Amino acid sequence: MAEDNNSRKNRLITYLLNYAYDHDIGYVLVESEPSNPSFAIKNEREIGINMNWHNHSSEVPFTIAHEIGHIMNGKPNLKQYNCCLAYGGFDDEEKDADIYGLHLIYQYSCAQEDNFYDPAAFIRSYAIPERMIEETYKMFADEGEFFYVRRKTGS
């Protein structure tokens, strides 16, 4: 029987919040305006998650993993020092947090024995954002245990 995605989403959220707790990361969950972003305060090891992000988007678990990534990557929070970096800008700090979050969700998926052989199925099942498609395919190609073979481009 196929699992309903809401159940999968809720179990993943529980896992991610437990992961945060186990790694000494405090968190607060709020339901704010759908356009208010989640955030990480690195020096306090705290994250704030807007559970109403884009009206309860299926990407909320990825957002939690992303914010955990900001804390776990341990780099200085450039946004706290650079008032000119607009929200939504994509810099190395954001990319690194995205990659950490992607790998964290992938580890969870493996622990659940989901056995995804197709990156597209993993992306759909875990609501991985479109901006992470290429990185997801790279991650699958780097994993030797999967049948996925990256198409060669060019000649």
For the structure I just gave you, tell me whether residue 73 is open to solvent by less than 30 Å² (accessible area, probe 1.4 Å) and either at pLDDT below 95 or in contact with a helix residue (DSSP H, G or I) (Cβ under 9 Å, 6 or more places away or on another chain) (or both).
no
Which residues, taken from segment 117-142, are open to solvent by 60 Å² or more (accessible area, probe 1.4 Å) and either modelled with pLDDT under 90 or assigned to a loop (DSSP other than H, G, I, E, B) (or both)?
117, 118, 142
Starting from segment 108-121, take each residue that is under 13 Å from residue 11 (Cα atoms) and list its partners that are of a type outside the set (Gly, Ala, Ser), counting only C-beta distances under 8 angstrom and pairs at least six apart or across chains.
108/12; 108/15; 108/16; 109/116; 109/122; 109/126
Restricting to segment 5-43, give me the number of residues that are assigned to a helix (DSSP H, G or I), closer than 15 Å to residue 69 by Cα and at pLDDT 95 or above.
9
Residues (open to solvent by 40 Å² or more (accessible area, probe 1.4 Å) and either touching a Pro at 6+ places or on another chain (Cβ under 6 Å) or free of Cβ contacts under 8 Å to residues at least 40 places away in the same chain (or both)) located in segment 33-50
33, 35, 36, 39, 41, 43, 44, 45, 46
Within segment 1-30, count every residue that is out of contact with any strand residue (DSSP E or B) (no Cβ under 7 Å at 6 or more places or on another chain) and either loosely packed, with under 15 Cβ neighbours inside 10 Å or free of Cβ contacts under 8 Å to residues at least 24 places away in the same chain (or both).
15
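The values are calculated or read from the model by the stated rules, or taken from the named source; none is laboratory data. The structure displayed is predicted, hence computed values, not measured ones. So basically every Cβ, Gly included, is an ideal-geometry build from the backbone, and we count neighbours across all protein chains shown. Only protein heavy atoms, including side chains, enter the accessible area calculation; ligands, DNA and RNA are left aside. Shrake-Rupley method; radii C 1.70, N 1.55, O 1.52, S 1.80 Å.
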